[in-house]
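K.L.:
Here it is, the structure in full.
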There are 2 protein chains.
Amino acid sequence: MKSKSVRRVTLGDVAARAGVSPTTASYILNGRAGEMRIAGETERRVREAAEELQYRPNRLARNLRTSTTKTYGVISDFVASGHFAGEMLSGAATVARASGHLLVIGETEGDVEVEARLVDEMLDRHVDGILYATLVTMEISVPEVLRKHPTVLMNCVDTTGQLPAVIPDEVGGGRVAGELLLESGRAAGAYVVGADPTPGALAGGRRLTGVEAALNEAGHALAGMIPCEWSVREAFAAMDGWLRDGGRPGALVCMNDRIAMGVSQALAEHGLQVPGDVAIVSFDGSELASWLRPTLTSVAVPYAGIGARAVELLLAGAAGREVEEMPMDVVAGGSLGGGGSTGKR
Amino acid sequence: MKSKSVRRVTLGDVAARAGVSPTTASYILNGRAGEMRIAGETERRVREAAEELQYRPNRLARNLRTSTTKTYGVISDFVASGHFAGEMLSGAATVARASGHLLVIGETEGDVEVEARLVDEMLDRHVDGILYATLVTMEISVPEVLRKHPTVLMNCVDTTGQLPAVIPDEVGGGRVAGELLLESGRAAGAYVVGADPTPGALAGGRRLTGVEAALNEAGHALAGMIPCEWSVREAFAAMDGWLRDGGRPGALVCMNDRIAMGVSQALAEHGLQVPGDVAIVSFDGSELASWLRPTLTSVAVPYAGIGARAVELLLAGAAGREVEEMPMDVVAGGSLGGGGSTGKR
DNA sequence: CTCACTTGCTGAAGGGAATCAGCAACCACG
DNA sequence: CGTGGTTGCTGATTCCCTTCAGCAAGTGAG
């Protein structure tokens with residue numbers, strides 16, 4: 001199974017066949033022919049030889065010489081969870097590939113030791129840069145050593161604010177949710193379901209800020225908060241309890257789609273219709289939003305966009321400190337009533 | 001931001017400080033001291049020097065010399081979709097890391113051109129092996145060049161049967177589902193919901209085979225099939241139509257959790273209770289199964305296990321041709337009635 | 001004292017590309 | 001005919017490690 005090692009074609013072979021020195025061949029194949037005043041005819045011969053011999057440069061040799069690998073490392077706490085990490089990876093991989101880079105992944109499982117080891121492994125392999133991602137949008141402190149290497153944070157910001165980061169514009173997303181409520185005429189008696197479960201997490205607070213801003217500017221106000229962790233179960237329990245206590249919401253802003261699912265279940269069990277009795281708008285724009293009946297109108301976190309943008313910053317030589325906020329767009333569903341009850345996905 | 005390149009410590013530096021030759025230092029640090037009859041005292045000095053200088057071997061140089069990179073490439077059609085790909089990656093990464101390997105990923109989006117380019121990029125970088133994964137369990141034909149390099153297929157088998165593969169034991173999983181139905185006394189009037197949506201896909205047929213086998217052996221038989229694509233929407237539509245036509249199932253075997261969700265929605269809208277009126281067992285063991293009310297009893301696809309096992313095969317020098325089937329385990333939920341209505345997740 | 005072996009180490013040769021410094025050949029000009 | 005400049009190319013070195021082949025010194029037997 002091991003390749004029968006027929007000795008790969010080297011730069012020297014190409015040079016020999018073209019009747020030039022390896023130096024010349026190198027310059028030509030690296031596009032420095034003009035700069036080095038190589039004759040057009042010579043260039044043609046070398047390229048032809050490379051083509052005929054099916055020459056592929058030995059990346060390992062080049063890596064050693066240039067200390068460069070056309071490779072970026074991705075450190076993230078959880079690769080496996082939900083589609084989030086996957087989308088971020090996918091977005092990053094696409095942009096990386098376009099510039100000939102590959103992605104090396106490492107999952108820390110939230111363990112600092114593992115994280116440190118992974119960072120070392122990647123730096124040992126001379127990745128050209130590191131993408132540091134978290135599953136939940138949050139403020140974190142990254143390993144010191146990353147400050148000495150090109151690094152871009154995805155979905156998080158570091159406490160010292162030294163490193164460039166790409167995060168969702170959660171406040172803007174909150175405003176979008178608030179505006180959707182206003183547009184559909186369901187802003188009265190709106191409650192927010194969810195509270196930030198993770199210390200350091202940013203999404204909840206910032207989304208709330210945005211929602212309140214939008215409502216307040218239109219002369220409305222939130223009717224209240226129904227706190228719960230961001231899971232289907234917890235949301236169901238919280239909502240169920242609240243409804244049992246006689247609560248009757250006009251609309252619900254759910255901090256994510258899973259909360260919206262739990263909430264929907266509770267509403268259904270109490271005989272309340274969505275969107276007839278209760279309008280729902282939520283956040284995430286996950287597949288789940290398109291699975292529910294009615295489909296959810298959800299303000300999507302642009303995970304793929306974050307990944308893509310982060311790689312762009314790395315490619316551009318990430319100057320440091322700037323935090324870029326990616327706009328959150330609506331995935332229209334039927335949970336607010338009115339138009340598109342089919343959802344966009 | 002670029003590291004200020006203080007010239008990394010090299011093997012030579014360590015050797016100099018310990019007063020030995022680089023050769024000796026190399027042998028010692030590579031654990032070949034015994035084999036080379038290096039004196040204990042010398043070994044100590046070298047290790048100490050390495051420690052003091054914080055020596056980290058230059059992997060790029062080693063890579064070049066050994067044509068080995070402690071790196072595996074993962075080619076998969078979709079990295080972003082669902083938690084499946086993520087779990088497989090995660091399982092693979094964990095085992096890989098344990099042996100000092102990192103994973104390089106590449107997403108083909110199902111495009112053969114992209115796939116070919118990614119394979120080339122990885123082989124150029126001399127990955128030590130390739131994991132080739134598909135989102136859906138299926139039979140595929142892999143790029144020819146992979147046959148010349150250590151390769152293990154994850155969640156798929158190749159048409160020629162030349163390459164080692166790790167797939168879920170779908171027939172066994174089907175049996176498990178059938179047995180669950182029997183154990184809970186709900187085997188009578190059981191319909192199967194779903195049909196294989198993708199050409200070449202294996203899961204549906206094999207699951208069905210297992211379910212039928214288990215039922216038949218106990219003197220039961222399936223009451224029928226309700227075909228639909230494997231999505232929430234399609235499942236809802238199919239089930240809703242079937243119920244409108246007056247169908248009344250005693251139990252449903254759903255080909256995956258998304259189908260089960262659509263089915264649950266349809267049952268609810270027709271006033272049928274789970275598990276009271278209709279028992280449900282499904283496949284996948286995804287998070288979704290734990291989100292529904294009642295939670296689903298679902299036969300889980302061991303994605304993480306597949307990834308982990310595939311890397312083990314690669315590490316063991318994958319001998320070729322053997323196809324390993326990983327057992328599918330039950331994630332207990334409440335959809336079959338009886339015990340655990342809380343679910344295991 | 002010699003020979004054969006063991007112990008403990010080292011020199012030098014790669015691996016394949018990138019790149020600095022420089023050289024030969026030719027031309028033009030005064 | 002010497003000088004200076006351009007054109008077009010190349011030799012030698014470097015990146016840092018692994019590893020083959022071999023050598024000097026010590027030991028024990030004969």
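K.L.:
Does B:L102 count as within 9 Å of another protein chain (Cβ to nearest Cβ) and within 16 Å of DNA strand D (Cβ to nearest atom)?
P.N.:
Details: within 9 Å of another protein chain (Cβ to nearest Cβ): yes; within 16 Å of DNA strand D (Cβ to nearest atom): no.
Criteria not met by B:L102.
K.L.:
For the stretch B:324-343, does any single residue satisfy the condition of being of a type in the set (A, V, I, L, M, F, W, C), within 12 Å of chain A (Cβ to nearest Cβ) and crowded, with 16+ Cβ neighbours inside 10 Å? Steps first, please.
P.N.:
Initially, the stretch B:324-343 is screened for residues of a type in the set (A, V, I, L, M, F, W, C), giving B:326, B:328, B:330-332, B:336.
Narrowing the set further to residues that are within 12 Å of chain A (Cβ to nearest Cβ) leaves none.
Looking through the stretch B:324-343, none of the residues is of a type in the set (A, V, I, L, M, F, W, C), within 12 Å of chain A (Cβ to nearest Cβ) and crowded, with 16+ Cβ neighbours inside 10 Å.
K.L.:
If the requirement is being more than 13 Å from chain B (Cβ to nearest Cβ) and on the phi > 0 side of the Ramachandran plot, which of these qualifies: A:G250, A:G285?
P.N.:
On the way: A:G250 fails: on the phi > 0 side of the Ramachandran plot.
Only one candidate qualifies: A:G285.
K.L.:
Limited to the stretch B:12-25, what total is found for residues that are within 10 Å of DNA strand C (Cβ to nearest atom) and crowded, with 18+ Cβ neighbours inside 10 Å?
P.N.:
Residues flagged as within 10 Å of DNA strand C (Cβ to nearest atom) and crowded, with 18+ Cβ neighbours inside 10 Å within the stretch B:12-25 amount to 5.
K.L.:
Considering every residue within the stretch A:308-321, establish whether at least one is touching a residue at least 24 places away in the same chain (Cβ under 8 Å), away from every other protein chain (no Cβ under 14 Å) and within 20 Å of A:G210 (Cα to Cα).
P.N.:
Filtering the stretch A:308-321 down to residues touching a residue at least 24 places away in the same chain (Cβ under 8 Å) leaves A:308-315, A:317-321.
Now drop any that are not away from every other protein chain (no Cβ under 14 Å), which leaves A:309-310, A:312.
If we keep only those that are within 20 Å of A:G210 (Cα to Cα) as well, we get none.
No, that holds for no residue.
K.L.:
Criterion first (of a type outside the set (G, A, S) and in a helix (DSSP H, G or I)) does B:V274 satisfy it? Steps first, answer last, please.
P.N.:
Values: of a type outside the set (G, A, S): yes; in a helix (DSSP H, G or I): no.
No: the conditions fail for B:V274.
K.L.:
Residues being in contact with a helix residue (DSSP H, G or I) (Cβ under 8 Å, 6 or more places away or on another chain), over 22 Å from B:L102 (Cβ atoms) and within 14 Å of another protein chain (Cβ to nearest Cβ): count how many of those fall in the stretch B:123-142.
P.N.:
1
K.L.:
Quick one: which helices (runs of 4 or more DSSP H) sit completely within the stretch B:2-92 and have at least 3 residues that are away from chain A (no Cβ under 14 Å) and within 12 Å of DNA strand D (Cβ to nearest atom)? Please lay out each step first, then the result.
P.N.:
On the way: elements: B:11-18, B:22-29, B:40-52, B:59-66.
Result: B:11-18, B:22-29.
K.L.:
Follow-up. Only one of (1) within 23 Å of A:S67 (Cα to Cα); (2) without any contact (Cβ under 8 Å) to a residue 24 or more places away in the chain fails for B:N58. Which number is that?
P.N.:
Condition not satisfied by B:N58: (2).
K.L.:
Looking at A:V176, is it more than 9 Å from chain B (Cβ to nearest Cβ), under 24 Å from A:A316 (Cβ atoms) and part of a helix (DSSP H, G or I)? Explain how you work it out, then say what you get.
P.N.:
Values: more than 9 Å from chain B (Cβ to nearest Cβ): yes; under 24 Å from A:A316 (Cβ atoms): no; part of a helix (DSSP H, G or I): yes.
Taking the combined requirement at face value, the residue does not satisfy it.
K.L.:
Can A:A266 be described as crowded, with 20+ Cβ neighbours inside 10 Å and in contact with a strand residue (DSSP E or B) (Cβ under 7 Å, 6 or more places away or on another chain)?
P.N.:
Numbers: crowded, with 20+ Cβ neighbours inside 10 Å: yes; in contact with a strand residue (DSSP E or B) (Cβ under 7 Å, 6 or more places away or on another chain): no.
When the stated conditions are applied, A:A266 does not pass them.
K.L.:
Here's a follow-up. Can you find a residue in the stretch B:305-318 that is in contact with a strand residue (DSSP E or B) (Cβ under 7 Å, 6 or more places away or on another chain) and farther than 30 Å from B:R97 by Cα?
P.N.:
no
K.L.:
Report yes if B:L181 is more than 21 Å from B:I105 (Cβ to Cβ) and in contact with a strand residue (DSSP E or B) (Cβ under 9 Å, 6 or more places away or on another chain), otherwise no.
P.N.:
On the way: more than 21 Å from B:I105 (Cβ to Cβ): yes; in contact with a strand residue (DSSP E or B) (Cβ under 9 Å, 6 or more places away or on another chain): yes.
For B:L181, the condition - more than 21 Å from B:I105 (Cβ to Cβ) and in contact with a strand residue (DSSP E or B) (Cβ under 9 Å, 6 or more places away or on another chain) - is met.
Yes or no, residue by residue, for (1) more than 16 Å from DNA strand C (Cβ to nearest atom); (2) acidic (D, E); (3) at pLDDT below 95; (4) under 30 Å from A:A289 (Cα atoms):
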site	(1), (2), (3), (4)
B:E41	no, yes, yes, no
B:A49	no, no, no, no
B:N63	no, no, no, no
B:K70	no, no, no, no
B:A80	yes, no, yes, yes
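K.L.:
State yes or no: is A:T209 more than 21 Å from the chain's Cα centre (by Cα) and in the same structural domain as A:V281 (by TED's automatic domain parsing)?
P.N.:
It is true that A:T209 is more than 21 Å from the chain's Cα centre (by Cα) and in the same structural domain as A:V281 (by TED's automatic domain parsing).
K.L.:
Restricting attention to the stretch B:209-262, report how many residues are in contact (Cβ under 8 Å) with a residue 60 or more places away in the chain and in a helix (DSSP H, G or I). Before the answer, list the steps.
P.N.:
Let us first name the residues in the stretch B:209-262 that are in contact (Cβ under 8 Å) with a residue 60 or more places away in the chain, namely B:249-256, B:259-260.
Next, from what is left, pick out any that are in a helix (DSSP H, G or I): B:259-260.
Number satisfying all stated conditions: 2.
K.L.:
Sticking with this one: Is it the case that A:G82 is closer than 15 Å to B:F78 by Cα, surrounded by fewer than 23 Cβ atoms within 10 Å (Cβ to Cβ) and not β-branched (V, I, T)? Walk me through how you get there before you give the answer.
P.N.:
Numbers: closer than 15 Å to B:F78 by Cα: yes; surrounded by fewer than 23 Cβ atoms within 10 Å (Cβ to Cβ): yes; not β-branched (V, I, T): yes.
Yes, satisfied.
K.L.:
I would also like to ask the following. Does A:S67 fit the bill of being over 22 Å from B:A85 (Cβ atoms), in contact with a His (Cβ under 9 Å, 6 or more places away or on another chain), of a type in the set (S, T, N, Q) and surrounded by fewer than 22 Cβ atoms within 10 Å (Cβ to Cβ)? Talk me through it step by step, then tell me what you get.
P.N.:
On the way: over 22 Å from B:A85 (Cβ atoms): yes; in contact with a His (Cβ under 9 Å, 6 or more places away or on another chain): yes; of a type in the set (S, T, N, Q): yes; surrounded by fewer than 22 Cβ atoms within 10 Å (Cβ to Cβ): yes.
Criteria met by A:S67.
The values are calculated or read from the model by the stated rules, or taken from the named source; none is laboratory data. Quick caveat, the model's predicted, so the values are computed rather than measured. Positions of Cβ are backbone-derived with ideal geometry, glycine not excepted, and every protein chain shown enters the neighbour counts.
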